[in-house]
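> Mind having a look at this structure? Questions to follow.
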Amino acid sequence: MFGGRTPFLVGFAICVGAMAVALLYFQHHLGLEPCPLCIFQRISVMALGLIFFLGLLFGPTGLARRFFGLLLTATALTGIGIAARHLWLQYGPHEELGCGPGLEYMLETMPINEVIQDVLKGTGDCGEIVWSLFGISIPGWTLLLLLVLLGISLGILFGRSR
């Protein structure tokens, strides 16, 4: 399963499917605008999709395959951290979150390191649960998705290449 290009294809297909759901269903059909943490999670999924696509395109073996696996694992862990933070803001014991500026405004007026810090602090939008399925909110489903992608990434990193 983890040899050849198959895991790269599976990972890429999962990322494309996740982005299709996010953009077509949540954003366009339901009209849900993503909060800054949602945007960061989408960036993680898109970065994973790009790396999986490059792996599919080049079919790396040996040390190059391990490099792809390491890059995928680091990216998946970053996304997992962001999704976990988002879940903590939704379900964790904390004070009421205030509204903050939009991500676009922050990017235009603040240095990138301050933008990242402010986004990870969360805003009122990030703490609100606007949709759930089986009691799991969007960042919960994103976390599960990223855990699956982490499993594929670890398979690429530690599996044997053909």
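Throughout, read-outs are computed from the coordinates displayed, never taken from laboratory work. From a predicted model like this one, the values you see are computed outputs, not experimental measurements. Backbone-built Cβ (ideal geometry, glycine too); neighbour counts: all protein chains shown.
> Excluding Gly79 itself, what net charge comes from residues whose Cβ is under 14 Å from its Cβ, given Lys and Arg +1 and Asp and Glu -1?
Net local charge, Gly79 excluded: +2.
> Full extension from Leu32 to Ala13: what is 0.36 nm times the residue separation minus their Cα-Cα distance, to one decimal in nm?
Extra length available between Leu32 and Ala13 comes to 4.5 nm.
> Sticking with this one: Label-point separation (nm) for Asn113 and Leu63, each offset 7 Å from Cα along Cα-to-Cβ?
Each label point is offset 7 Å from its Cα along the Cβ direction, giving 3.3 nm.
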